[in-house]
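No lab work stands behind these numbers, since they all come straight from the coordinates. On a predicted model such as this, the values are computed, not experimentally measured, just so you know. Note: ideal-geometry Cβ built from the backbone for every residue, glycine included; neighbour counts use all protein chains shown.
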Amino acid sequence: MSNQLFFLSLADIFSVYPAIFKEQSKKLKKTKHIYLPSDEEWLDKMYYMLLEIQRQVNDSGDVNLSLQDINKKNKPMFDPDRIMKIISPGISPTNGRRSRALKLCHSTTVKIKLKAEGTGPRWTLPTIANGAKLLRKPPILVDFQNEHEMRLAYSLIYDVFRYKVVLANALDDIGFFNQHKEYVEDEQRIWLMLFELYDRQFKGRNSEDQPLQLQLYKESQVTEIANVLWQHRIRLAASISRMRIRVGALRLSQLLPIHLQNEKVAIAAANPVVTGWINPFLIRSKAEADQILTEMGFTIHGPEDEQPLLVQHCKWDNICPLVISCIPKDRSEFTKSKLMTKHYFIMQDKNFTFGPAIMSKLTDYFELDGDILQTHIGSPRSTAYLAALFYSINRVNNFYVYGAGASLKDYRKYMESIGVNNIRLFADAFTSFPMESNRFRTVVGIFATPPNSFSAISDPIDLICSRGGDLSMLEVLTESEVSDEGRQRVALILEEQLLTLTMSMSRPQVQFVLYQTHSIVDTENQLMVKHVIQLINKLALEKHRNAYREQKRLEAIAEAEAANIPAAAMASTKESPRKKDKPEVGTTTATNPSSNAAAAQPQQQLPRVDSIDLIVTPDIDEFVEDQVPDICINQDNCIRQQSTGSFLSLVRRKTLTHLNEKYLIRRAEQRGLFGKPNDKEKDKSKPKTVKLQSEVAEPPPLDMTYDLSRGHSGTRSSAQQTLQRLQRSTSASAIRSHLTKVSATQRQVITFNFRQRECKRFYVLPIYMHSSKQGVRLWWQYAYKCVTRNRGNGSHWNLNFHPLNLRFKLHCSRQLRIRKLRRSHWSKRQPLTVHIKDIELICQVKQIQQVRRRQKVNNKSNS
């Protein structure tokens, strides 16, 4: 037994996290579904959404109203003097810091000394009775007079659960449950009363406390348990002493695992500093809060005051807005004051305020407008604090919180009791919504707070009290070893973290994600973030490569159809042999994420690449890990994540998408609403994404000289020429371009610009320049005569004929001319089916004739 405790004290239960994380990450790799900001479907959705908002702006009649201001409301400022502009490091040469001389921040903590073991009992009789009521199955309802009593009761239960390994071993050593089998189902209250007996060193209470003990033990129904343990007190004391002697433990906490040896709960209970935040929903201004604190006898200090915190003094925090720290004379009386009972002051550990404080600054930091979403409710007070910070931020339209579960009614009741009215709570899990859901279409930022081990928090009792007294959370926080059930729970936690980050970063409208945990395990922190970023970027790149493969497949099918090859014959080959001759897709370089000029331009034609390996992820689709901005008023980087108990990681897109007027105009330009863009404008505005359906560039018009040696180069296949010909604009489409259409969105008539065009084939045989007849008629007469000479060989020319058999002479110079043309009456003749290649091969006749003439001349000269 002692050996087991010895090895248990050296064990690290967090060592199993990497192996479990590896198993869960393999399962997540099977996920292939992701949406990107470069998707045409999403671009169209955002375009029509902004178009509808612009229509509302036009109907309002306000010239100064913008797209971002249509749904905004005027929000009051709690502290106008503390408005601070956090400059983005992407646009500031000073890396986001002020150029003035920096001031150093001063801590509001004080030194705490704990009582040594053996100096007297730490827990009072009312606290023990309340703990016994809570541990009963089913529990007895406890009506706490104030929050201080509640914190003391759960602090006692935390210590009982923390020492449960030692207490259980002592009971097994003396065979307690073998003798008293009726208490097997009430094991937790046995631990409580044994811990209370050890706390007073197995001694009896004073005679003046015995009447109160009888009364409270009777109310909590632990009188019989206390009497039974008193009978075995000598054997229990000897058993605990033997365990300490064999291991050489000077203190009882040295028998515990490493992560439970810290006396953080006792330190938090003995800490005289009370930390919390002023409720702006009930106290409208900082001046009103200062007046109430002054009436209570407190001396108020500003955030830049260097004076240390003393008794009956309070100080505004320099990092987290609305947060104030004070040292009251009597902590119990302070919790009974008007400031606490009327919810003007919400008591909360400072460790749970850093994440919401940073999250509230990110919309201004990235200059984004929209909705903010929180994925889970770890602490309702922390969520209420974030809602209180959004009370004065105009960029945030709505604040959504998911994951309330079965506690939805309790959380809503709590929010109503403290006056929070700008939050929307949902019982549904964030990870339960499919990617196609439109519920998050206006969300620009996500505050990811998935469940974690909470191993880094300095005051777990604050978390338990904020959750309404969650005993299951206490049991998780005090686990001494990882059982099969514990491994399963860790696997579920890691899976939830992976899914939360993955689904947050898989939605195209989300521009940044702030990931927060209260854990010391690197698997839940940095490794988790790096793994998901790598996974999401890999999926985005794979999606672009799949689009590239689909583009090549469609081109191969078009090439096969143009060459009269059945499409089924192309199914066996994945790539076309003429693949390198086809247009490709590509990407462009990165732009500044914070600049409005580089705000996510819509999709344009992109540079071509020669191989699929050269395709890279566009900046608007790629995620990067950014540095968490320094929100301290002095900006001296005083936030230390290890000391605060919070791990914060900021993940954003490499290029942010700003849904503003510029985005709407650029998208409308690409849809052709303003006519054909100029080449200069195309050069200035570089594309930002891979084009999934790229068009083949139209070649320049043929030269008037019609140089056949260059026109039929061997590097360009006939199928490619046919594909280009089919994609050219026709004369009919140019003639119809002056017609008008009605816009379905603006309800107005759109007039297309008319442009006179001529068929490029018209320049091949310009005989109309040398004849009085109509050019089109002469052209077809000429084609008809040439084809009828070889009608018996089919619709294609036979190149074995001698050109002298023709009854006309064709001369090729800078322009093609017809010297002789046999005219005959052919009005009764039926038109023949003429292939375009029949017409083109006519021009090859003269070329063959010239080659043969040159050969004859050379032969004569040689002879």
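Spin-label model, TYR48 to GLN627: label points 7 Å out along the Cα-to-beta-carbon direction sit 4.4 nm apart. Assign one of three labels to region 207-269, namely rounded, prolate or oblate, based on the Cα gyration tensor with a ≥ b ≥ c the square roots of its eigenvalues; rounded applies when a/c is under 1.5, prolate when it is not and a/b is larger than b/c, and oblate otherwise. Oblate, because a/c is 1.5 or more while a/b does not exceed b/c. Annotation for GLU224 and SER437: the two label points, set 7 Å from Cα along the Cα-Cβ direction, are 5.0 nm apart.
Pairs over the 23 Å Cα-Cα cut-off, from the set LYS264/LYS338; LYS286/LYS315; LYS111/LYS329; LYS218/LYS264: LYS264/LYS338; LYS218/LYS264.
Here's how it looks for HIS658: its modeled amide H is under 5 Å from those of ALA600, which are all 5 or more places away or on a different chain. The Cα atoms of region 329-485 give a gyration tensor whose axes a ≥ b ≥ c have a/c of 1.5 or more with a/b no greater than b/c, which makes the shape oblate. Every pair of different Cα atoms in region 125-268 enters the Kirkwood calculation, which places the hydrodynamic radius at 16.0 Å. One decimal place: the segment LYS413-ARG205 gains 70.6 nm when fully extended, by the rule 0.36 nm per residue minus the C-alpha distance. Counting Lys and Arg as +1 and Asp and Glu as -1 over every other residue whose Cβ lies under 12 Å from the Cβ of ASN422, the net charge comes to +2.
The packing ranking of peptides 541-553, 340-352, highest mean first, is 340-352, 541-553, where packing means the average number of other beta carbon atoms within 10 angstrom of each residue. Under a 5 Å amide H cut-off, with hydrogens placed 1.01 Å from N, HIS313 pairs with THR299, ILE327 among residues at least 5 apart or on other chains.
Under the 0.36 nm per residue contour assumption, what length would be gained going from the current alpha-carbon distance of LYS181 and GLN534 to full extension? Extra length from LYS181 to GLN534 when fully extended: 121.5 nm. Applying 1/(1 + (r/R0)^6) with r as the Cβ-Cβ distance of ARG553 and ARG82 and R0 = 56 angstrom yields a FRET efficiency of 0.40. With the simple spin-label model, which puts each label point 7 Å out from Cα in the Cβ direction, the GLN307 to PHE426 separation comes to 4.9 nm. Extension gain for LYS26 to ASN398 (0.36 nm times residue separation, less C-alpha to C-alpha distance): 130.3 nm. Shown in residue order for region 228-241 are the 3J(HN,Hα) couplings computed by the Karplus curve 6.51 cos²θ - 1.76 cosθ + 1.60 at θ = phi - 60°: 5, 5, 5, 5, 9, 5, 5, 5, 5, 5, 5, 5, 5, 5 Hz (x for Gly and Pro). Each principal axis of the Cα cloud of region 396-549 was evaluated for its coordinate range; sorted largest first, these ranges are 55, 42, 24 Å. Remark: region 280-290, residue by residue, has Karplus-estimated 3J(HN,Hα) of x, 6, 10, 10, 7, 8, 5, 5, 5, 5, 5 Hz, where x stands for each Gly or Pro and the curve is 6.51 cos²θ - 1.76 cosθ + 1.60 at θ = phi - 60°. Taking the Cα centre of region 125-268 as the origin and placing charges on Cβ (Lys, Arg +1; Asp, Glu -1), which of GLY248, LEU134, ALA237 is farthest toward the positive end of the dipole? Working it through, the farthest residue towards the positive pole turns out to be GLY248. The calculated FRET efficiency for the pair LEU282 and GLN56, based on their C-beta separation and a Förster distance of 22 Å, comes to about 0.05. Normalised radius of gyration (Cα atoms, divided by 2.2 N^0.38 Å) for region 302-341: 1.26.
Using R0 = 22 Å, the C-beta based FRET efficiency linking SER611 and GLU542 works out to 0.90. Relative protection proxy for 488-497, 143-152, from highest mean packing down: 488-497, 143-152 (other beta-carbon atoms within 10 angstrom).
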